[in-house]
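Engineer: What follows is a structure written as structure tokens; I'll ask about it next.
We did not get these values from a lab; they are worked out from the coordinates using the rules stated. Bear in mind that the values here come from a model prediction, so they are computed numbers and not experimental data. Positions of Cβ are generated from backbone atoms using ideal geometry, with glycine treated the same way; all protein chains shown enter the neighbour counts.
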Amino acid sequence: MNAWNWGALVLILLVFGLACALGAWSARARRIWAPASLLLLITAGILAAAPPEVIVEGNGATTLLVLTGGLLAIAGGGPLTALVFEAVDRREPADESLDGAAAVLRGGTWIGGLERAAIYATLVAGWPEGLAVVLAVKGLGRYPELRAAEDGVRTGAAERFIIGTFASVLWAVACAGVVQMVR
């Protein structure tokens, strides 16, 4: 298989991963589509890493690859993070668990999407130091809320912040890694 066909296959896997990620935003569908999205990303990563001569030629193809990978980083991280929270909180009803986190850490869905976009962009642009900047801004921005939530009452907000951040960041890094291997 020549380099373009290999890159096109990775792009197709990323597109299907994006479609699965978008389908995973519904609570009912999350258990099926979030793992499917993860499996497609892993498969694309393996294919991208396998042959050393993988090159996506042409500005249009490269732009499409970078854009699709970025959209997958943004869209796929939310359902995957929610799935991780469901696994962590398996003794609590899923709706109560996510509602409790949302009460303390307002705007988490938007912040997570922006965080994944920023991390993906810094890594694809070749500026890995940007990852530290993004995480520092997020941590400093959330510190007052986390501090207030933990004063006097144990809410678990800090643990949820760490778990959610790690799941979200790892997803964005994986998406950027797959795109970087093909580019």
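Engineer: Would you mind calculating the gained length between Trp25 and Trp110 on full extension (0.36 nm times residue separation, minus the Cα-Cα distance), in nm to one decimal?
Structural biologist: Details: separation 85, 0.36 × 85 = 30.60 nm, distance 1.32 nm.
Computed gain between Trp25 and Trp110 is 29.3 nm.
Engineer: Fewest Cβ neighbours within 10 Å first, please rank Tyr120, Tyr143 accordingly. Walk me through the numbers on the way to the answer.
Structural biologist: Details: Tyr120 26, Tyr143 12.
Result, fewest neighbours first: Tyr143, Tyr120.
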